[in-house]
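Each value in this text was obtained by applying a stated rule to the coordinates, not by laboratory testing. All values derive from a computational prediction rather than experimental measurement. Cβ placement follows ideal geometry from the backbone for every residue including glycine, while neighbour counts extend to all protein chains displayed.
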Amino acid sequence: MALLALAFLFIAAPVLADGPAPEPAAQQFVDPAMLKARADSLRDAVSDMNVSNVSIKTRAHGFFDKLPEERLVVSAGNYRRMEREAVKGELGTIEGMTDMADLRIAEWKRTHTEPPPVDLEIAVSQARSLQETKALGYDEEGKLAPNQMGIFKYMRDRFDGGAVKLNERMKILGALVGDAFTYATVAHEAQHSVDRKAGKLTPEEEIAGEISAFKTQYLWLKLMDPSGEKMLTLHGTLTMAWRREQDPEVKEALHNAVVYLEHLSSVVETNGKEDELRKLIEKLGYSDDHKHDHGDDAHRNRVAASPTSA
């Protein structure tokens, strides 16, 4: 038995070569395009009745036997980073917002075959006109409530004229979310101005007027942030900063920016559909029971009231 066990060990033991052990095969690198080409070639061979089974088997072995020796590599250029809005951290200005709107419209025309929505271009042009005639400015007297981002005031007996006032909070919002996002409020108020000139805006039908304005706001947001990634990444960044901030004033400013973006997100979620816009507008407290403001008529752009800070 001892001799039998010794014989078994001798047979099972590896044969020691006289020279050095062979080096492992060098690993090869392949990209997805190369693998796809090989797979397509094998598939075509299988479907070709003129290719013999032996040839197909050989090709299959050649394809699958190589895989353990190859490492898949993907070019860094194939990874798409999430879109982010460039925020400079500077206080917002009227000129900065209107310039940003012109820039984004021009960028869209340069990168898309379809033109921007006509209604949006008209509103952007009207906003520029209001800015140039000094009819677009900030509410320096502080008449707007904290959750009222803008107001369009006009005379009941006139279709021309009218002026837009923005909440001064918009300056700080511009520093935190950027001119492109704060321009959503400008686009909203500019649409009121367009509708008033066309005789469509009346104090008795406030909801209809707001549907038109929020529709333009929606069109702007989809043009400047088609995928919604800019809003998502900015909201996440500001939310983390707000929760960590210890300074009460800075914390409040960050919180206002988060609420503002959430309001814009609610506008986007309507998909620009009239029935969904109406639900949002009624939720924000608009109604056709219009109240006059110092003899003039006005349409105010509101966001949801800020919840209690965490």
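Applying the Karplus relation 6.51 cos²θ - 1.76 cosθ + 1.60 with θ = phi - 60° to segment 207-223 yields 3J(HN,Hα) values of 4, 4, x, 6, 4, 4, 5, 5, 5, 5, 4, 4, 4, 5, 5, 6, 6 Hz, where x marks Gly and Pro.
Within the straight-line cut-off of under 16 Å between alpha carbons, the aspartates and glutamates reachable from residue 283 are 206, 210, 262, 269, 274, 275, sequence neighbours fewer than 8 places apart in one chain being disregarded. Return the FRET efficiency for the residue pair residue 59, residue 232: r is the Cβ-Cβ distance, R0 is 30 Å, and the value is rounded to the nearest 0.05. About 0.05, to the nearest 0.05. Annotation: amide H-H contacts under 5 Å for residue 150 (H modelled 1.01 Å from N, sequence separation of 5 or more, or interchain): 167, 301.
Using a simple spin-label model with pseudo-atoms 7 Å out from Cα toward Cβ, residue 48 and residue 246 lie 7.3 nm apart.
Could you tell me which chymotrypsin sites (Phe, Trp or Tyr not before Pro) in segment 152-243 are loop residues by DSSP with no more than 15 other beta carbons within 10 angstrom of their beta carbon?
Working: sites: 152, 154, 159, 181, 183, 214, 218, 220, 242; in loops: 159.
Qualifying residues, ordered by number: 159.
Exceedance of the 31 Å cut-off in Cα-Cα distance is limited, within the set 153/215; 134/200; 36/109; 200/251; 109/273, to 36/109; 200/251.
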